[in-house]
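Asks: Below is the structure I would like to discuss, written out as structure tokens.
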């Protein structure tokens, strides 16, 4: 595991509250809209990549989804989510892993990633992510990254920006694009970050 990356995120989640980090969303509406658009049964297997202590899992449980996995490189972030969910945390599978080293033991009907993929800046990291996604996804992919009009850094780390065409190109092998939207995310600091969010169907 990339210990520099892991240590960075453990430090962030240990020392900062949700209102102190830019990616926090009270209601992850775009993610929910994409997931619902797949019209999958509530028993569909869903994995949230880099989910951390995001509120998405709370809303998925409230919607009645019964097979949810949250993966993050930071164990601290997942512990925060478990604490928030209380007894409901037992309904979720939690995986601590660097996404580029994830070894899926099953396939997932829905793979969701908001703002993890864009942290992979080397060709090798991107290649590993795509290989794992191709192996693990049996149905749909919903992915959000900073757009080419978005920030170039997040949490003091460099990121890779993606336009709609860039994301389509990245996932052209094994996936067909369903739709893309641009979304302005208003951070807890009242700044705007522009995202490219796309959905794909596994071919």
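The values are calculated or read from the model by the stated rules, or taken from the named source; none is laboratory data. Just so it is clear, the model here is predicted, and its values are computed rather than measured. In this analysis, Cβ positions are derived from the backbone assuming ideal geometry, glycine residues included, and neighbour counts consider all displayed protein chains.
Asks: Could you pull out the residue among 90, 122 that is within 18 Å of residue 45 (Cβ to Cβ), without any contact (Cβ under 8 Å) to a residue 24 or more places away in the chain and either over 17 Å from the mean Cα position of the chain (by Cα) or surrounded by 15 or more Cβ atoms within 10 Å (Cβ to Cβ) (or both)? Show your work before the answer.
Replies: On the way: 122 fails: within 18 Å of residue 45 (Cβ to Cβ).
On inspection, the qualifying residue turns out to be 90.
Asks: Something else about it: Just checking, how many residues over segment 46-87 are surrounded by 21 or more Cβ atoms within 10 Å (Cβ to Cβ), touching a residue at least 60 places away in the same chain (Cβ under 8 Å) and either more than 14 Å from the chain's Cα centre (by Cα) or more than 21 Å from residue 133 (Cα to Cα) (or both)?
Replies: 1
Asks: If you go through segment 158-195, how many residues are assigned to a strand (DSSP E or B) and touching a helix residue (DSSP H, G or I) at 6+ places or on another chain (Cβ under 6 Å)?
Replies: In the first step, residues of segment 158-195 are kept if they are assigned to a strand (DSSP E or B); the result is 158, 175-186, 192-195.
This time we only want the ones that are touching a helix residue (DSSP H, G or I) at 6+ places or on another chain (Cβ under 6 Å), so: 177, 180, 183.
Qualifying residue count, segment 158-195: 3.
Asks: Condition first: exposed (fewer than 15 other Cβ atoms within 10 Å of the Cβ) and touching a strand residue (DSSP E or B) at 6+ places or on another chain (Cβ under 7 Å). Now tell me which residues in segment 166-182 satisfy that.
Replies: In the first step, residues of segment 166-182 are kept if they are exposed (fewer than 15 other Cβ atoms within 10 Å of the Cβ); the result is 169, 172-173, 176, 179, 181-182.
Within segment 166-182, 176, 179, 181, 182 qualify.
Asks: If only one of 140, 102 is farther than 24 Å from residue 5 by Cα, touching a residue at least 24 places away in the same chain (Cβ under 8 Å), within 16 Å of the chain's Cα centre (by Cα) and surrounded by 14 or more Cβ atoms within 10 Å (Cβ to Cβ), which one is it? It would help to see each step written out before you state the result.
Replies: Details: 102 fails: farther than 24 Å from residue 5 by Cα.
It is 140.
Asks: Then there is this: Within segment 146-156, is there a residue that is touching a strand residue (DSSP E or B) at 6+ places or on another chain (Cβ under 6 Å), under 27 Å from residue 39 (Cβ atoms) and crowded, with 16+ Cβ neighbours inside 10 Å?
Replies: There is at least one residue in segment 146-156 that is touching a strand residue (DSSP E or B) at 6+ places or on another chain (Cβ under 6 Å), under 27 Å from residue 39 (Cβ atoms) and crowded, with 16+ Cβ neighbours inside 10 Å.
Asks: For residues that are touching a helix residue (DSSP H, G or I) at 6+ places or on another chain (Cβ under 8 Å), farther than 16 Å from residue 113 by Cα and either modelled with pLDDT under 95 or in a loop (DSSP other than H, G, I, E, B) (or both), tally how many sit in segment 18-70.
Replies: Number satisfying all stated conditions: 3.
Asks: I would also like to ask the following. Just need a number here: residues in segment 184-200 that are surrounded by fewer than 14 Cβ atoms within 10 Å (Cβ to Cβ) and touching a strand residue (DSSP E or B) at 6+ places or on another chain (Cβ under 7 Å).
Replies: Adding up the residues that qualify gives 3.
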